[in-house]
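Here is the structure we will look at, set down as structure tokens.
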Amino acid sequence: MSINSRPIEVLLVEDNPGDVHLTRIALADREVNVNLSVVADGVEAINFLHCQGEYHHAVHPDLILLDWNLPRKNGPEVLIEIKADERLQRIPVVVLTTSQAEEDILRAYNLHANCYITKPVDFNQFVQIVQSIEDFWFSIVQLPPQ
């Protein structure tokens, strides 16, 4: 697992409560100790990442799961801000969205997303995808130090 045996900090930027719930289920009862923080839109995501307002005690995430279609500030806008900020740009960003549009996929990679995954609608497939993300990013990949 570990980044010095502490919990892995994941920021989920997701406006769909159902997908938030499914993500929590997928990450529960796994060998990796994950602390999942959730924000519902892009403005909250940026506030969280900059420890502003109600997020003044927010923990620097090790990984960001970013929905592409968000209210107030969309996924591309959030991704641009993350990758333009020296303090945040090394955080891996996984775009996890329902969009299968080729232009969205190309734009995400052009904006330096670390990967782009289309959410399946099937419960079991969704859980499997989230667990695969967890396995890859927390067991195989060496994440950058904070």
Gyration tensor (Cα) of the stretch 60-146, equivalent ellipsoid semi-axes in angstrom: 20, 18, 10
Burial ordering of 10, 32, fewest other beta-carbon atoms within 10 Å first: 32, 10
For the stretch 78-84, Karplus couplings with θ = phi - 60° (6.51, -1.76, 1.60), whole Hz, Gly/Pro x: 5, 4, 4, 5, 4, 6, 8
Calculated [θ] (222 nm, deg cm²/dmol) that DSSP helices of n ≥ 4 give over the chain, each run adding -39,500 (n - 2.57): -10500 deg cm²/dmol
Ascending count of other beta-carbon atoms within 10 Å, so fewest first, for 86, 134: 86, 134
Cut-off under 5 Å, modelled amide H: who pairs with residue 35 long-range: 8, 9, 10
Principal axis dimensions, largest first and in whole angstrom, of the stretch 8-133 by Cα: 36, 34, 24
Average Cα contact separation per residue, the chain, under 8 Å, 6 or more apart, as relative contact order %: 24
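Quick note: the coordinates plus some simple rules give every number you see, no bench work behind them. All of these numbers come straight from a predicted model, not from anything done at the bench. Note: ideal-geometry Cβ built from the backbone for every residue, glycine included; neighbour counts use all protein chains shown.
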